[in-house]
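The values are calculated or read from the model by the stated rules, or taken from the named source; none is laboratory data. All values derive from a computational prediction rather than experimental measurement. Cβ placement follows ideal geometry from the backbone for every residue including glycine, while neighbour counts extend to all protein chains displayed.
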Amino acid sequence: MRFRLPSSTAALVVLTVLTVAAAACHKNKPPVVRPAPPPPSSGAAGERPPAPPEPVPEPAVVPPEPVKEDAIASASLDDLNRNSPLQPLFFEYDSSEVSAAGQATLNADAALLKKYPTWTVTIEGHCDERGTAEYNLALGERRAVAARTYLVSLGISADRLRTVSYGKEFPFDPGHDESAYAKNRRAHFVITSK
Amino acid sequence: MALALVSLTAGSQTPAQQTPATPPPQQPSEVNVPIISGEPGAPPRFAVPDFLALSPDTETAAIAKTIGQVLWDDLNFEREFAMIPRDTYATIPVAASINDVPFDRWRELNADAVLIGTVQKIGNRVHVEARLFNLKTRQSVFGKGYDGSAATPRVFAHTIADEVFQQQRALHGVALTKLTFDSDRDGERMTGTVEKRNVKEIYISDYDGENQRRVTTGRSLNITPRWSPDGRAIAYTSYRHGPGNIFISNIYQGTLEELTKGSSESWLPAWSPDGTRVAFSSPRDGNAEIYVVNRDGSNLRRITNNPAIDTTPTWSPSGTQIAFVSDRSGTPQIYIVGADGLGLQKVTSEAYADRPTWSPAPYNEIAFTARTGPGNDIKVKDLASGQVRQLTFGEGTNESPAFAPNGRHIAFMSTRSGKSQIFIMARDGKNVKQVTKSGNNYQPDWSK
């Protein structure tokens, strides 16, 4: 089964990747033992060795990305979850197996969770409408657990990952066709604290 | 702990909770024999005119009319009597008193029996008399008086109907029983970090769909309601604290109990027939299994132990077995296991089966949701013969069956009229009646 991500989602994936890449260049943690903390990397001018003969044009340092990164760091939970940087994991019909594409999604989600180590997340399991409401409670839970298990295997602490199953109670797409069903079979991430 | 608000009026509780006074039969000539039809094998033909208003006010007249109409509907429901349409006897004059019945006029209708009654207003209460006459013998075969609130005329009719069924047919009528279901009709949205999520609340109604009332105000997802055997509490799955957990709402006290707590979810409660235990499904030990816990939350024990999904439990009428759903064979199917966890049997071999409901005696059947196409239908398996019969046939999807306490009817959810609505039907699939119309309504259960 193929599903199409909305273009805004695709853009967000790209953006997330850029953000993660940018994060790798930046400091991860403030050094605690060094007596003099290094200056913030963005205000680098003062620390540069004096007068290189030819001022190499600074590689036009990424103005948008740090802004975006700040946006994630400073956004309210509501705003974060409205366009969650954590991508949902999609499933085949009546399955809780994590596909290769799903693993890639979770790898990116895990990178974000490592970047923001204070985040705690609820993983919601969702199902399409074809199964029964009762059985789907258990199926949704199995999907949420599949996502959690994979993230834990990537080193994310299980304490940060709660699961809840909503069965088919909260479809993301109210349609009654395969494209809607595909969107509704998911493990969905909600950041509950940061 | 938040309280579940119950919007029941005091007036509606009283008669439902205490059986109206039943003085002894008033005529020594009464003979308790079933009325039979003149035609062998045919059901007796019954007429139920408006009751006679003995007080001159319009309220009493309205009560008298309501009782007659509701009583006709109640008596029609079990298909034990051939009910003569009420408009065919509008011309028969109302008797001047209960002792002045125009027998000849009723015989002209070819009626075998007529049920007449009177209503007298006393303060804000009413006194109701009911009398069932055998028109061949002109004898009263049933006569009782009832006192109750003027606010609930339907309760008088339901009470009389059930007593007539008991006396004439030794049948446990369901006119006083209630349904519960969950509904999104209020159009409320959940607050929190996620938008566009409809609240579902638990509702109750009379068996005929009247008096629909909300019993939860959780403003969250409240689903899978189940009546306690005494009809005074509803257990359900609520997400009000985040994960799904089992709550018990004592609907007449307006109090709420949390039967399960914590971040491990619990869903789909099912009361044992004696009301002392609740079975449910929970993934607390790694994957969904069936558990049983005492009503006070003590003595939690695990019934199933399998890496597959085990969910949607229901009890046998004797309380010795639990039917549930498992995908251990690859697809969801119904299984039965002893309440001690022993003696597993597979019950269904469907494409997909869920939501078993076990009929009370004398039937020994399990009704369930079965996939029959793109949608589902209601099927019933007779446990003695192994025969499976199908009750609905692809009109929309049909799910979540629940037996009436006499085993003669099934409530279920269907999309046949558009949205998801609650319907009831006879156990043979006939006499389908829609009982909800507002919003979407799901997962009915029928009180004992």
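Of the conditions (1) closer than 28 Å to B:G429 by Cα; (2) at pLDDT below 95; (3) not hydroxyl-bearing (S, T, Y), B:D104 clears all except one; give me its number.
Just one mismatch for B:D104, condition (1).
Could you grab the pairs with beta carbons closer than 7 Å, sequence gap of 6+ or different chains, first residue in the stretch A:151-178 and without any contact (Cβ under 8 Å) to a residue 24 or more places away in the chain, second one surrounded by fewer than 20 Cβ atoms within 10 Å (Cβ to Cβ) and among the β-branched types (V, I, T)?
Hits for this filter: A:A158/A:V152.
Does B:D147 qualify as being surrounded by fewer than 21 Cβ atoms within 10 Å (Cβ to Cβ) and either assigned to a strand (DSSP E or B) or not assigned by TED's automatic domain parsing to the domain that holds B:V33 (or both)?
Working: surrounded by fewer than 21 Cβ atoms within 10 Å (Cβ to Cβ): yes; either assigned to a strand (DSSP E or B) or not assigned by TED's automatic domain parsing to the domain that holds B:V33 (or both): yes.
Considered against the rule, which asks whether it is surrounded by fewer than 21 Cβ atoms within 10 Å (Cβ to Cβ) and either assigned to a strand (DSSP E or B) or not assigned by TED's automatic domain parsing to the domain that holds B:V33 (or both), B:D147 comes out as yes.
Conditions: (1) without any contact (Cβ under 8 Å) to a residue 12 or more places away in the chain; (2) crowded, with 23+ Cβ neighbours inside 10 Å. A:N136 meets all but one. Number of the miss?
Going through the list (1) without any contact (Cβ under 8 Å) to a residue 12 or more places away in the chain; (2) crowded, with 23+ Cβ neighbours inside 10 Å, A:N136 breaks only (1).
Test B:F423 against the stated conditions and say whether it is more than 28 Å from B:V292 (Cα to Cα), touching a strand residue (DSSP E or B) at 6+ places or on another chain (Cβ under 6 Å) and either more than 12 Å from chain A (Cβ to nearest Cβ) or not hydrophobic (A, V, I, L, M, F, W, C) (or both).
Details: more than 28 Å from B:V292 (Cα to Cα): yes; touching a strand residue (DSSP E or B) at 6+ places or on another chain (Cβ under 6 Å): yes; either more than 12 Å from chain A (Cβ to nearest Cβ) or not hydrophobic (A, V, I, L, M, F, W, C) (or both): yes.
The answer is yes for B:F423.
Quick check on B:A82: is it over 18 Å from B:K136 (Cα atoms) and of a type outside the set (K, R)? Walk me through it before giving the result.
Numbers: over 18 Å from B:K136 (Cα atoms): no; of a type outside the set (K, R): yes.
No; evaluated as a whole, the condition is false for this residue.
Please find, among B:I63, B:I84, B:I98, B:I36, the residue that is in contact with a helix residue (DSSP H, G or I) (Cβ under 6 Å, 6 or more places away or on another chain) and surrounded by 15 or more Cβ atoms within 10 Å (Cβ to Cβ).
Values: B:I84 fails: in contact with a helix residue (DSSP H, G or I) (Cβ under 6 Å, 6 or more places away or on another chain); B:I98 fails: in contact with a helix residue (DSSP H, G or I) (Cβ under 6 Å, 6 or more places away or on another chain); B:I36 fails: in contact with a helix residue (DSSP H, G or I) (Cβ under 6 Å, 6 or more places away or on another chain).
Of the residues listed, the single one that is in contact with a helix residue (DSSP H, G or I) (Cβ under 6 Å, 6 or more places away or on another chain) and surrounded by 15 or more Cβ atoms within 10 Å (Cβ to Cβ) is B:I63.
Please state which one of B:S249, B:S220, B:S298 is more than 14 Å from every other protein chain (Cβ to nearest Cβ), small (G, A, S) and out of contact with any Leu (no Cβ under 8 Å at 6 or more places or on another chain).
Details: B:S249 fails: out of contact with any Leu (no Cβ under 8 Å at 6 or more places or on another chain); B:S220 fails: more than 14 Å from every other protein chain (Cβ to nearest Cβ).
Exactly one of B:S249, B:S220, B:S298 is more than 14 Å from every other protein chain (Cβ to nearest Cβ), small (G, A, S) and out of contact with any Leu (no Cβ under 8 Å at 6 or more places or on another chain), namely B:S298.
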